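What follows draws every value from the coordinates through simple rules; no lab data is involved. Since we're looking at a predicted model, the values are computed, not measured. No Cβ is skipped: glycine too gets one built from the backbone with ideal geometry, and neighbour counts run over all protein chains shown.
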Ligand SMILES: Cc1cc2nc3c(=O)[nH]c(=O)nc-3n(C[C@H](O)[C@H](O)[C@H](O)COP(=O)(O)OP(=O)(O)OC[C@H]3O[C@@H](n4cnc5c(N)ncnc54)[C@H](O)[C@@H]3O)c2cc1C
């Protein structure tokens, strides 16, 4: 079923990357980690050969009063419509989908979230919901980006472990050009995952990013003997 959502505002959270906030329809529910399809009305300003609809992970958490989505800007009609949206504009949203949810992950004894770029979006939702609930499921985030500018909410992510002992964060900037950056600049590999994760039979993995990244991480995890049933993916295309 499609529901109508009303655009409220946008905020730039990294270079060319925006967090778009909408009203939440009464009774609309989702779980942290899920996604939905957003669709523009037929009379949208910019036309889009691919249908003016795209899937997006929920960026904020179920407890929050609004819906938000994080997107990297592009030249597509859909993204131009998003960028040009004015307060009060409406669009449509489907129901929430996706197997990789906080409800499922909390059945494990720890959750390892591995992402790149806007793949951090469903992880953000999980982190926010977990903090809100005072949930102490061990959460490990491994987050890869080119540099500081292109990393959404880097300061917030870096600060999380200081406030919440059950959260570990490893940001890696693979094309770092900031001499002040003290953190990792390595690409994600077996050794990096091993440096922060002690796998157990109840450890669950959630991977989100473009298809190349997702496949590469899947290969690494499978080569470490981690069974497929413990690995969840959102491939952003
Ligand atoms: C479960 C899920 C969650 C997602 N969550 C997010 C999210 O949180 N944030 C986010 O930004 N994105 C997310 N995405 C991806 C999103 O749906 C879009 O695909 C993405 O943002 C690119 O959209 P675009 O309009 O910029 O580019 P598009 O125009 O959709 O192009 C995407 C890619 O397809 C290629 N392409 C373009 N037209 C064609 C064509 N006709 N035929 C074949 N290939 C073509 C382009 O070269 C480009 O590489 C998610 C996707 C999935 C499946």
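Gain in length, residue 76 to residue 159, computed as 0.36 nm per residue apart minus the alpha-carbon separation, to one decimal in nm?
Additional length available on full extension: 26.4 nm.
Of the peptides 40-49, 95-104, 207-216, the order by per-residue mean of other Cβ atoms within 10 Å, starting with the highest, comes out as 207-216, 95-104, 40-49. Compared with the alpha-carbon gap, the fully stretched path from residue 16 to residue 224 is longer by 71.3 nm at 0.36 nm per residue.
Annotation: Cα Rg of the range 34-175 relative to the compact-globule expectation 2.2 N^0.38 Å equals 1.14. Shape class of the range 102-235 from the alpha-carbon gyration tensor: oblate, with a/c at 1.5 or above and b/c at least as large as a/b.
Can you show me the helix-derived [θ] at 222 nm for the chain, built from DSSP H runs with n ≥ 4 at -39,500 (n - 2.57) apiece and divided by the number of residues, rounded to the nearest 500.
Numbers: 6 runs with 56 residues, N = 237.
Computed ellipticity for the chain at 222 nm equals -7000 deg cm²/dmol.
Simple spin-label estimate for residue 63 and residue 2 gives 3.4 nm between the two label positions (7 Å along the Cα-to-Cβ direction from each Cα).
What do you get for Rg/Rh of the chain when both radii come from the Cα atoms and Rh is the Kirkwood radius? When Rh is taken as the Kirkwood radius, the ratio is 0.96.
Computed across the range 79-150, the Kirkwood radius stands at 14.8 Å (inverse of mean 1/r, all Cα pairs).
In the elastic network of the chain, a GNM with C-alpha springs shorter than 10 Å, the most mobile of 218, 75, 11 is 75. Of all DSSP beta bridges confined to the chain, the antiparallel ones make up roughly 50%.
Taking the Cβ-Cβ separation of residue 42 and residue 133 as r and a Förster radius of 35 Å, what is the calculated FRET efficiency to the nearest 0.05?
On the way: r = 40 Å, r/R0 = 1.15.
With a Förster radius of 35 Å, E is 0.30.
Relative to the compact-globule scaling 2.2 N^0.38 Å, provide the ratio for the alpha-carbon radius of gyration of the range 3-93.
Details: Rg = 12.3 Å, N = 91, 2.2 N^0.38 = 12.2 Å.
So the range 3-93 has a normalised radius of gyration of 1.01.
When both the range 207-237 and the range 149-168 are represented by their alpha-carbon centers, they are found 23 Å apart. A Gaussian network model of the chain, with springs between Cα atoms under 10 Å, assigns the largest mean-square fluctuation among 113, 70, 91 to 91.
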